[in-house]
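What follows is a set of notes on a single structure, which appears directly below.
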Amino acid sequence: MRFTRSFRKPLWIVKSFVEKHKRLIGLAALVGAVIFLAAKNFLPLLPKIKSEKRIGIVGQYSFENLPYEISQNISRGLTKLDETGVVQPDIAKNWEILEEETLYRVHLKPDSFWSDGTPIISSDISLNLPDVEIRHPEPYVIEFKLKESYAPFLGLLSQSLWKNHQFGAGQFSIKNIKQRGPTISQLKLSGRENNLTYRFYASYESAWLGFKLGQVDTLSDLIVNPLPKDWGDSVNLSTDTGWHQYLGVVFNLTDPMLSSKPLRQALAYAIKDKAPNQVRALSPLSPRSWAFNASVKPYEFNPDQARELYDRATTEATISGELTIALGTSQSFLPRAEAIAASWQEILPVKVDVKIINAIEPNFQAILIAQEIPLDPDQHALWHSTQPTNLSHFSDLRVDKLLEDGRKISDQKERREIYLDFQRFLVEETPVVFLEHPTTYTINRK
């Protein structure tokens, strides 16, 4: 009985309160219902706060040669290249190759749009393709007329598309660009859900400093790990293999000593560990390329073979006494260059002068550098004897002919045979000692 009375008393108080303030309670309920409905229907229409991602990249780039992943974020191309170098449709639906492989008729996907929301039609598209006539016969058809056949042409159509040099065809639009001379120092992109800011650094040291200063939250695709051992657990470090890069020793074949093929091969055999804890590089093509030749000469460490070839080189080239070789490299690869120099000096009677260089000197002897590998196997610009970008000044009539033929034949099976031979002959001549496909590092702030 006492329990019942104690239970009823709070109920009387609540009932009395409700009776006294029922108008106020009703009004509050009505206002709450209105706010709930407004929030449910109108909040999705309000602008959302976008997340911001700040990424540091090492390298000097202009707008025309941005890394493929960045350019694809800004704007897609008519085509795209997969990791094996095979051309795939992107904005293009399909294509026809006509008139002895000099006319490319490309059909566009009708459901593709520019970043301003308008459909992509052929008359909007302008591409920087020297010596190519561009036609717009229909709204969703664009034609490219070449003066002569060029097998890698479809790969060129992967470059970013632009409407009036302003609107792209990607998930992001350009918000701001800062430049330092001809190179980009900062690129800001605006997307529907998040923003990206890329900062470009000239060296790994400056990139690491920028990370410590809070300029960026991610350092992406580094081939040198700048993270000190005592950094702690405030960052995440992930690794991958840089399949489309290689580290190698490039020889200058115009040098009186290094013009000797036996000497170059001797130096190749005299490097003890060409890929310490890395994936070994065998040729200038990526192992993931459809044209890669895994059967080229590997130049595994062989001191006896190195000494035999060195003796032949000194006899044929009338080289006498101790040879001195200048090996240049960047600060980042200095420890690796010193290890190569130590191996050469241990196996062969040579003296190696290792020095840090900031640019490739015209009369260099040997340099240790990282080289980007094009997705398409066409390497005419890198190895043909007529090209100023042929760093080693390599010249071989067989290789020149193969590089020329590889650009004319579009059939992939025939092209593959050409590039298998190209790699075999090039590696045999040893203008470069191919070392490794470097491990790449990505550092994220927690």
In the chain, whole DSSP H helices that both stretch 24 Å or further along their axis by alpha carbon positions and average at least 0.0 on the Kyte-Doolittle scale are 22-42
From phi via Karplus (6.51, -1.76, 1.60), per-residue ³J(HN,Hα) for the range 287-295 in Hz, x at Gly/Pro: x, 8, 6, 5, 10, 5, 10, 7, 9
Non-local residues with an amide H under 5 Å from the amide H of residue 151, with H modelled 1.01 Å from N and Pro and chain starts lacking one, are 408, 409
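Let me check I have the definition right: for the range 44-170, take the eigenvalues of the Cα gyration tensor, multiply each by 5, take square roots. What are those semi-axes in whole Å, largest first?
Numbers: eigenvalues 158, 73, 33 Å².
One finds semi-axes of 28, 19, 13 Å for the range 44-170.
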The set of residues whose placed amide H lies less than 5 Å from the amide H of residue 275, leaving out same-chain residues fewer than 5 positions away, is none
Give me a comma-separated list of calculated 3J(HN,Hα) values for the range 185-202, in order, Karplus coefficients 6.51, -1.76, 1.60 applied at θ = phi - 60°, integers in Hz, x for any Gly or Pro. 9, 8, 9, 10, 10, 10, x, 5, 10, 8, 10, 10, 10, 9, 10, 10, 10, 7
Choice from 353, 376, 217 with maximal GNM fluctuation in the chain (Cα, 10 Å cutoff): 353
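Normalised radius of gyration for the range 284-363, please: alpha carbon Rg relative to 2.2 N^0.38 Å, two decimal places. Write out the running numbers ahead of the final one.
Numbers: Rg = 15.9 Å, N = 80, 2.2 N^0.38 = 11.6 Å.
So the range 284-363 has a normalised radius of gyration of 1.37.
Contact order normalised by length for the range 71-221, with contacts defined as Cα pairs under 8 Å and 6 or more residues apart; what percent is it?
Working: 267 pairs, mean separation 33.4, N = 151.
It rounds to 22 percent for the range 71-221.
With a cap of 14 neighbouring Cβ atoms within 10 Å, and only residues DSSP puts in a loop, list the chymotrypsin sites (Phe, Trp or Tyr not before Pro) found in the range 54-145.
Answer by residue number: there is no such site.
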Under a GNM of the chain (C-alpha, springs under 10 Å), which listed residue has the highest mean-square fluctuation: 284, 89, 182? 182
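First select every other residue whose beta carbon is under 14 angstrom from the beta carbon of residue 72; then total the charges, Lys and Arg +1, Asp and Glu -1.
Overall, the nearby charge balance is -2.
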Need the list of aspartates and glutamates near residue 147 for cross-linking: C-alpha distance under 15 angstrom, and skip anything on the same chain fewer than eight residues off. 99, 100, 101, 131, 133
Pull up the cross-link candidates among the lysines for residue 53, meaning alpha carbon to alpha carbon under 27 Å and not fewer than 8 places away within one chain. 80, 163, 175, 178, 188, 212, 229, 446
When Rg is the radius of gyration of the Cα atoms in the range 146-191 and Rh is its Kirkwood radius, what does Rg/Rh come to? 1.12
Report D for the range 166-284 in µm² per second (integer): Stokes-Einstein, Kirkwood Rh on Cα pairs, 37 °C, 0.692 mPa s. 176
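So what is the 222 nm mean residue ellipticity for the chain from helices alone, if each DSSP H run of at least 4 adds -39500 (n - 2.57) and you divide by all residues, rounding to the nearest 500 deg cm²/dmol? Walk me through the numbers before you get to the answer.
Values: 11 runs with 129 residues, N = 446.
After summing the helix terms and dividing by the residues of the chain, the value is -9000 deg cm²/dmol.
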Through the Karplus equation 6.51 cos²θ - 1.76 cosθ + 1.60, θ set to phi - 60°, convert the phi angles of the range 81-86 into ³J(HN,Hα) values in whole Hz; use x for Gly and Pro. 10, 7, 5, 8, x, 7
I need the calculated FRET efficiency for the pair residue 165 and residue 93, taking r as the beta carbon distance and R₀ as 25 Å, to the nearest 0.05. 0.50
Once amide H atoms are placed 1.01 Å from N in the peptide plane, what residues at a sequence separation of 5 or more from residue 80, or on another chain, have their amide H within under 5 Å of its amide H? 88, 90
One finds, for residue 145 and residue 398 with R0 = 25 angstrom and r their Cβ-Cβ distance, a FRET efficiency to the nearest 0.05 of 0.20
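Pairs of Cα atoms under 8 Å, at least six residues apart: use those to get the relative contact order of the range 228-290, whole percent.
Values: 20 pairs, mean separation 23.6, N = 63.
The normalised contact order for the range 228-290 reaches 37 percent.
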In nm², the average projected area of the convex hull spanned by the Cα atoms of the range 109-168 is 4.3
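Using just the alpha carbons, could you tell me how many Å³ per residue the convex hull of the chain encloses?
Numbers: hull volume 112.4 nm³, N = 446.
That works out to 252 Å³ per residue.
Can you list, largest first and rounded to whole Å, the semi-axes you get for the range 370-423 by taking the square root of 5 times each eigenvalue of its Cα gyration tensor?
On the way: eigenvalues 70, 34, 16 Å².
Taking √(5λ) for each eigenvalue gives 19, 13, 9 Å, largest first.
Find the Cα radius of gyration of the range 121-229, compare it with 2.2 N^0.38 Å by division, and give the number to two decimals. Display every interim value, and only then the final one.
On the way: Rg = 19.2 Å, N = 109, 2.2 N^0.38 = 13.1 Å.
Taking N as the residue count of the range 121-229, the ratio is 1.47.
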Per-residue counts of other Cβ atoms within 10 Å, averaged by peptide: what ranking do you get for 423-429, 147-153, 384-390, highest first? 423-429, 147-153, 384-390
Compute the whole-percent fraction of alpha carbon pairs in the range 315-410 spaced more than 24 Å apart. 42
Scattering profile of the range 238-307 at q = 0.14, 0.17, 0.18 Å⁻¹ [log10 I(q)/I(0), Debye over alpha-carbon scatterers]: -0.53, -0.76, -0.83
Would you tell me the accessible area of residue 66, worked out with a 1.4 angstrom probe on the heavy atoms of the protein chains, in Å² to the nearest 10? 20
Using Cα-Cα distances under 8 Å and only pairs 6 or more residues apart, what relative contact order does the chain have, in percent? 19
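The values are calculated or read from the model by the stated rules, or taken from the named source; none is laboratory data. This is a predicted model, so every value here is computed, not measured. Cβ sites come from the backbone with ideal geometry, for glycine too, and all protein chains shown count toward neighbours. Each accessible area value is taken on the protein alone, full model and side chains, heavy atoms only, with ligands, DNA and RNA left out. Shrake-Rupley method; radii C 1.70, N 1.55, O 1.52, S 1.80 Å.
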